[in-house]
Amino acid sequence: MQYKIVPAHLEAHLFDVSLTIPNPAADGQVLSLPAWIPGSYMIRDFAKNIVSINAYDELGDVVLVKLDKSTWRAAPAQGALTVRYQVYAWDLSVRAAYLDRNRAYFNGTSVFLSAHGQEDQPCTVEIESPAHDCAQHWRVATTLTRDGAELYGFGRYHAANYAELVDHPVEIADYSLATFMVNDIPHDVVISGRHQTDMTRICNDLTKICQHHVDMFGELPPMERYMFLVNVVGDGYGGLEHRASTSLLCSREDLPLKGVDKQSDRYRTFLGLCSHEYFHTWNVKRIKPEVFEPYDLSQEVYTRQLWAFEGITSYYDDLTLVRCGVIEIEEYLQMLAESLTRVWRAPGRFRQSVAESSFDAWTKFYRQDENAANAIISYYTKGAVIAMALDFRIRCAHQGEKSLDDLMRRLWRDYGKQGIGVPEGRIEALAAELCGEDLTEFFTDYLYGNRDPDLGQSLQWLGIDFSLRAPTSLQDKGGAANKKPTSSMAAALGISVVAQGEQARLAVVLNDRPAERAGLAAGDVLIAINGLKVTLANFEALMARYACGDEVEIHAFRRDELNVHRVRLETPQADIVNLECLSDVDESTLVRRNDWLGVNPWR
């Protein structure tokens, strides 16, 4: 399979792509573009971005008939069949393709047609430089195997098959580059976009994070090099894992500046994202659900196991930062408290189990609307809570001698290294085997049911106090005890607000809370409270005048209609998590806590 791709029309955001098939199907070759990309469980119909397509063989033009939204059939060809097409690329995310005068980027699922019946054939891809003055300093960053191309250069690359071809994203730009080593394998940090990043600091921190993951699993999967492909924008966040790289989107403020030693909350979040995606090198890219072996990229593929592949990964991403010494214990507890608060503030966890959240990812998690907070739960965040509870259960059963780390190593040994998909229910069975206990009730309650694990008791065993309190404001995210507030909101509506110009628009209205009972709905724009004008800036100050039980009159626009609502305020719910690392603990508790956090007493 011979592919060629050219960032040909930068201003029009068009890639020119061609595919030559040496031995097309005798009765007419069928071709298609994937409907989704692994790691992002939503039908995206990438074929919608093909703006023109034609085919020819040795004798001339070949007729293409479109069979459905993503599929074409070519008429029988004489000799090799070549298909030429243009792809519109204007998706500033990590999932698709993008092209302008500053950079070119693509995932193979967005640009490379698959020849049905020939997916196992080896592939070559010629990546050509655009003929434009602005691109004279552009380089190529990809973990595709070079087949004549220089390192970071344009030219020919190859892949063993189509699945490998589309699992190596490509960044083309005048990017910044730094390299560090882990287990003798080069790891590149490639940053596109305007930035003033301290590349040395990032490499030092990522070295510790990556080495910790490698040490935990015992080895790095076979690869020639690994790449962190980072696109820097004014405001953005996201990541997508691949077999030897990850694509990341971040804001400029997320990255450390040269000469600034202080570690910001945003930089810690960025490091957590890098840790998350690198952990996926094992968990998802190699250890994967049985239904993903192989991927069917033409339609939804359902599994109830995403709690393990995303939730366990989410548990380890920030935990690794403290274990490898990139952050301190209090900083980790702050990040953990904020993550737990997101779960405890989500009433949807009582409507949808984590197993259901995984199964319904295609239609609910990735297609959230204004009622999502009431109806669904994230298999990332609640999955991480289950992973934490499971880790504590294993540690307690073996007095700290075994942990969730052992389960991950077992999954790597038995499934990831062997290229075998994990059957539904197998992770629960292996966890019970490792724990030496019947965990049926555990998984029935927390994974397939709607109960919250008792983290308070488990954390107490580690010398950490878990408590819930009322929020101090709508922006309260939770925290560690050293930031514990002395006061809280006097009254609550059960809403969240966002800006609409200077006004406050209701983004979420929680079920069976004062705002909903009074008839307010998501999308309403607040105009006045008891006759005083409401803006986003003064909303909380106005609300602070009232107490639980007070009745207020709220004027709000719904579309172009002004409505009046009489709302009786209630006490804010205690759904904000605070964590405190207790100092007055016995030696055995301290040992358990240090073992969990990977902390040496002398550090």
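No lab work stands behind these numbers, since they all come straight from the coordinates. The structure presented is a predicted model; accordingly, all values stated were derived computationally and were not measured. With ideal geometry, Cβ positions are generated from the backbone for all residues, glycine too; neighbour counts draw on all protein chains shown.
Summary of computed values
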read-out	value
DSSP bridge pairs, the chain: antiparallel proportion in percent, nearest 5	80
Helix-derived mean residue ellipticity, 222 nm - over the chain, DSSP H n ≥ 4, -39500 (n - 2.57), to 500	-7000 deg cm²/dmol
Cα-centre dipole for the stretch 175-271 with unit charges at Cβ (Lys and Arg positive, Asp and Glu negative), debye to 20	280
Electrostatic dipole magnitude of the chain [Cβ: Lys, Arg +1; Asp, Glu -1; Cα centre; debye, to 20]	800
Efficiency of FRET from Cβ geometry, Lys48 and Arg84, R₀ 25 Å, rounded to 0.05	0.85
Anisotropy class of the stretch 117-201 from Cα gyration tensor, a/c 1.5 cut	oblate
Nearest 10 degrees, 0 to 90: helix 329-344 Cα axis against the chain principal axis	90
Rounded if a/c under 1.5, otherwise prolate or oblate - the stretch 290-457, Cα gyration tensor axes	rounded
Residue exposure sequence - Thr589, Thr142 - by fewest surrounding Cβ within 10 Å	Thr589, Thr142
The stretch 175-271: relative contact order in percent, alpha carbon pairs under 8 Å with at least 6 residues between	26
Fewest-first sequence of His213, His132 by Cβ atoms within 10 Å of each Cβ	His132, His213
Gyration tensor verdict on the stretch 495-568 (Cα atoms; rounded if a/c is under 1.5, prolate if a/b is larger than b/c, oblate otherwise)	rounded
Which of Ile554, Ile464 has the fewest Cβ neighbours within 10 Å, and the rest in rising order	Ile554, Ile464
The stretch 547-587-the stretch 284-314 distance, computed between alpha-carbon centres (Å)	37
Residues of the stretch 267-294 with amide N under 18 Å of a point placed 7 Å along Cα→Cβ from Ile420	283-294
Dipole of the chain, positive direction: furthest Cα of Thr363, Tyr105, Val525, with charges on the beta-carbon	Val525
Val301/Ala131 FRET efficiency (R0 60 Å; Cβ-Cβ; nearest 0.05)	0.90
Around Ala492: net Lys/Arg minus Asp/Glu count, Cβ-Cβ under 10 Å	0
With Cα atoms, 0 to 90° folded angle of helix 199-217 axis to the chain main axis	90
Table column - 3J(HN,Hα) (Hz), the stretch 6-12, Karplus curve with 6.51, -1.76, 1.60, x for Gly and Pro	9, x, 8, 10, 5, 5, 8
FRET efficiency for Leu59 and Arg101, using Cβ-Cβ distance with R0 set to 30 Å, rounded to 0.05	0.15
Rel. contact order, % - alpha carbon contacts under 8 angstrom, at least six apart, the stretch 295-426	31
Nearest-ten-degree value, helix 426-435 long axis tilted from longest Cα axis of the chain	50
Separation of the Leu177 and Arg545 label points, Cα + 7 Å toward Cβ, nm	6.2
The chain - percent relative contact order, Cα under 8 Å, separation 6 or more	10
Subset of Lys69/Lys364; Lys48/Lys364; Lys4/Lys285; Lys258/Lys382; Lys288/Lys382 violating a 28 Å alpha-carbon distance limit	Lys258/Lys382
Approximate spin-label separation His9-Arg451, in nm, with each point projected 7 Å along Cα-to-Cβ	6.0
